[in-house]
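Asks: The structure that follows is given in the form of structure tokens.
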Protein chains: 2
Amino acid sequence: MALRLLDEYGLPDLTMRHIATALEVQASALYWHFPNKQTLLAAVSARILAPMDDVRVEEMTVSEAVRQLGARLRECLLAYRDAAELVSSSLALGLVDSPIRPQLMAVTRRDGVPDSLSRVAAEAVMHFVVGYTFHEQQRLTADSFGLLPEATSLNPEDASAQPAEDGDFGEALTMIADGLEVSVRQYTSGG
Amino acid sequence: MALRLLDEYGLPDLTMRHIATALEVQASALYWHFPNKQTLLAAVSARILAPMDDVRVEEMTVSEAVRQLGARLRECLLAYRDAAELVSSSLALGLVDSPIRPQLMAVTRRDGVPDSLSRVAAEAVMHFVVGYTFHEQQRLTADSFGLLPEATSLNPEDASAQPAEDGDFGEALTMIADGLEVSVRQYTSGG
DNA sequence: ACCTGAACACCGTTCAAGT
DNA sequence: ACCTGAACACCGTTCAAGT
């Protein structure tokens, strides 16, 4: 229900009272199921990130895995209104697991990269994708409300085109992916 | 004043009413100076990021510039409580300028990298640093309140050691910096 | 086990009115 | 030009009490 309300009305209107009303219940009833609002939001974040588990990375190179996981993460976040902001805060609060770490680490570990390095690489990619998409999504919803000058629009030609066009994102992700591949090889071979 | 209150009481308690009270004024008085709270917070963010202008990047390589700008950005964010979260949201809302773009672009432009690529690289670095520091700072303040299990602590040995130890951060930043250097060269020479 | 009802201690913002 | 006072329409959370 919270996920539905998030997508329909946005994060600022995702209040305990609205969720409760939509469930035809008092707001206080929610506190039997969740200790507080942040925990409830973390559960919503986990739902948003669920499709991450479908990515199969076994046969991929590090660079490929970074691109696939990064692109899928962005898709998950763009699938619901304000999802990037919500997930960003759940991640920062440590109430939700890293959405790409286990899969990326499976690949790097297979290639003999030390775990500490892999963890750091996974964090770098995650922070970039979430931050980028947060910013992107903010512009998208601001656009749809006509709140920004045209110059900052994302799709100047056709504002209602496919929403998940990757333009700069794909380029940046590829840069990072290739960069990590190179760095990881340096660290593992060179020491 | 808002910056002082932020550092002392944290972002959740940085309310219009508290700011006004500290200024010995009514909350409504603030609305003569700022159209809303987000704009006021953006002004605070700009103050937090002011030291970014002191970084001199003219003679640096791309990799050096990324490391210097990234490290300085993290220092700015760690200088005040909850600053990373505050700046993250101001950036996402587009109410504050990118803290590293102009300087990093000066370097890449000098090296003949196309602007579109440079912009994307600057965004990648910015999102990584802000996201990483946001997460880090959250753990720091959670630590100081004893709210997390010990396993997630940052400084297991000495919780009140130097607060700005870069451990993983420096490693990750170097990886990204080297990676970008390589990628940027590929793009410019290879096409 | 699960929920209600009412309260507590707050919010951001607006706006007529003052000086 | 700058601020007050009062109000509007909300918040998250707690807790005794109900079934």
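The values are calculated or read from the model by the stated rules, or taken from the named source; none is laboratory data. For clarity, every value in this text was computed on a predicted model and none was experimentally measured. As a convention, Cβ positions derive from the backbone with ideal geometry for all residues, glycine included, and neighbour counts pool all protein chains shown. These accessible areas exclude ligands, DNA and RNA; they are computed on the full protein's heavy atoms, side chains included. Shrake-Rupley method; radii C 1.70, N 1.55, O 1.52, S 1.80 Å.
Asks: For the condition surrounded by fewer than 15 Cβ atoms within 10 Å (Cβ to Cβ), more than 14 Å from chain A (Cβ to nearest Cβ) and away from DNA strand C (no atom under 16 Å from the Cβ), what is the one hit in B:Ala29, B:Ala22, B:Ala79?
Replies: Going through B:Ala29, B:Ala22, B:Ala79 in turn, the sole match is B:Ala79.
Asks: Would you mind listing the helices (runs of 4 or more DSSP H) fully within region A:1-105 where at least 2 residues are touching a residue at least 40 places away in the same chain (Cβ under 8 Å) and of a type in the set (A, V, I, L, M)?
Replies: A:2-9, A:37-49, A:62-78, A:83-92
Asks: Residue by residue through region A:15-30, note down the ones that are near DNA strand D (Cβ under 7 Å from one of its atoms) and within 27 Å of the chain's Cα centre (by Cα).
Replies: The answer is A:Thr15, A:Met16, A:Arg17, A:His18.
Asks: Taking the criterion of being within 17 Å of B:Glu136 (Cα to Cα), aliphatic (A, V, I, L, M) and surrounded by fewer than 20 Cβ atoms within 10 Å (Cβ to Cβ), would at least one residue in region A:94-109 satisfy it?
Replies: Yes, the conditions are met somewhere in region A:94-109.
Asks: Of the conditions (1) within 16 Å of DNA strand D (Cβ to nearest atom); (2) hydroxyl-bearing (Ser, Thr, Tyr); (3) more than 30 Å from B:Gln103 (Cα to Cα), B:Tyr9 satisfies every one except a single condition; which number is it?
Replies: Here B:Tyr9 meets the rest and fails (1).
Asks: So, in region A:32-51, of the ones that are within 14 Å of chain B (Cβ to nearest Cβ) and within 9 Å of DNA strand D (Cβ to nearest atom), which residue ends up farthest from A:Phe145 (Cα to Cα)?
Replies: A:Pro35
Asks: Applying the selection to region B:1-19, what residues are out of contact with any Asp or Glu (no Cβ under 9 Å at 6 or more places or on another chain) and either modelled with pLDDT under 95 or more than 9 Å from DNA strand C (Cβ to nearest atom) (or both)?
Replies: B:Met1, B:Ala2, B:Leu3, B:Arg4, B:Glu8, B:Tyr9
Asks: Which condition number does A:Val113 fail, the rest of (1) within 14 Å of chain B (Cβ to nearest Cβ); (2) open to solvent by 20 Å² or more (accessible area, probe 1.4 Å); (3) more than 16 Å from DNA strand D (Cβ to nearest atom) being met?
Replies: In the conditions (1) within 14 Å of chain B (Cβ to nearest Cβ); (2) open to solvent by 20 Å² or more (accessible area, probe 1.4 Å); (3) more than 16 Å from DNA strand D (Cβ to nearest atom), A:Val113 misses (2) alone.
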